[in-house]
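S.K.: I have a structure I would like to understand better, so I am pasting it below and will then ask my questions one at a time.
Read the figures in this text as sums done on the coordinates, not as results from a lab. Here the structure is a predicted model, which is why all the values come from computation and not from measurement. Reconstructed Cβ throughout: ideal geometry from the backbone, glycine too, with neighbour counts over all protein chains shown.
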Amino acid sequence: MSHFKSGGTSIAGSFGNPAGKLVPVSIAKASNFTREDFAEIVHELVATKKAFGLSDQEAAEKIIEFYETQKNLYAKNFYLQLYSQLFSDLTFNIPQMREALQKAKAGSDVYFYVYDYLPEMLRNELLEGTAHGYEFINFNGGYPGFPEVDWKNPAVAGVQKTFIDMFVNFVKNGVPSGETFSAEKVTSKLPYVNINTKSEMKDNLWPERLQFWDSMAKTYGFDLPEFQKYSPRDEL
């Protein structure tokens with residue numbers, strides 16, 4: 001059986017409604033989001049006693065330290081980016097990546113993509129990357145309440161064609177492909193199609209993040225991306 005899985009998008013976009021105490025992050029706070037803000041969220045909402053017991057403070061510091069190693073991925077608003085990346089990883093990225101690896105190990109043909117393109121009119125001045133679900137504007141034309149996408153723009157139209165052709169070729173031939181790439185199967189590694197103005201195959205998606213969360217689960221007996229107790233049977 002063949003599976004074509006989305007690795008999602010660059011970010012999940014985790015702020016906007018100011019009603020919550022810590023999250024979602026208000027626009028006002030997002031514009032000046034500090035290390036202290038990031039650390040407070042990790043300590044209060046991520047590395048909880050329910051998940052990590054008496055090791056919650058130690059686990060929180062490990063999470064903060066690990067995500068600080070990812071700062072070089074971004075050009076601005078580092079801790080806001082890391083906050084968004086952390087929640088994207090926990091809710092989308094790590095579970096999807098694990099599922100792809102598990103299905104490949106079970107004998108399925110699995111292909112993976114990451115959608116990393118955002119038209120200028122949809123870009124956020126505070127966050128880099130593409131939010132969850134944005135790739136589907138290539139099918140539906142846009143979302144109510146969002147700025148209108150200029151489909152006559154050559155870059156926008158080119159990415160749309162690449163994205164749609166990739167799915168059409170998967171249905172027709174069993175392999176996602178475009179003018180500049182032919183997708184490679186997931187093995188014990190996670191090669192993926194990176195969709196942008198220049199779409200291409202890349203070698204192995206975020207292995208350090210997978211390794212980190214796998215290690216945290218083994219060390220503390222709780223798998224946070226799955227939000228359940230860890231069992232050795234859960235290993236790939």
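S.K.: Could you work out the relative contact order of region 152-236, using alpha carbon pairs under 8 angstrom and six or more residues apart, expressed as a whole percent?
M.R.: Normalised by residue count, the contact order of region 152-236 is 15 percent.
S.K.: So, in nm, how far is label residue 231 from label residue 150 when the simple model puts each one 7 Å beyond its Cα toward the Cβ?
M.R.: Reported label-point gap for residue 231 and residue 150 is 5.5 nm.
S.K.: Here is a follow-up. Contour minus end-to-end for residue 136 and residue 32, with contour as 0.36 nm per residue of separation and end-to-end as the Cα-Cα distance?
M.R.: Extending this stretch completely gives an extra 34.4 nm.
S.K.: Taking other Cβ within 10 Å of each residue's Cβ, how do 203, 109 sort, fewest first?
M.R.: Fewest-to-most Cβ neighbours within 10 Å comes out as 203, 109.
S.K.: Follow-up. So, R0 is 45 Å and r is the distance between the beta-carbons of residue 125 and residue 179; what FRET efficiency does that work out to, to 0.05?
M.R.: 0.90
S.K.: What is the distance, in nm, between label points placed 7 Å from the Cα along the Cα-to-Cβ direction at residue 161 and at residue 58?
M.R.: 5.7 nm
S.K.: Another one. Hey, what did the chain get for relative contact order, percent, Cα under 8 Å, at least 6 apart? List each step's numbers first, then the result.
M.R.: Details: 338 pairs, mean separation 55.5, N = 236.
RCO, the chain: 24 percent.
S.K.: Run the numbers for residue 143 and residue 102: contour at 0.36 nm per residue of separation, minus the present Cα-Cα distance, in nm.
M.R.: 11.4 nm
S.K.: Taking a ≥ b ≥ c as the square roots of the Cα gyration tensor eigenvalues, with a/c under 1.5 meaning rounded and otherwise prolate when a/b beats b/c, else oblate, which class fits region 2-231?
M.R.: Working: a/c = 2.35, a/b = 1.27, b/c = 1.84.
Oblate, because a/c is 1.5 or more while a/b does not exceed b/c.
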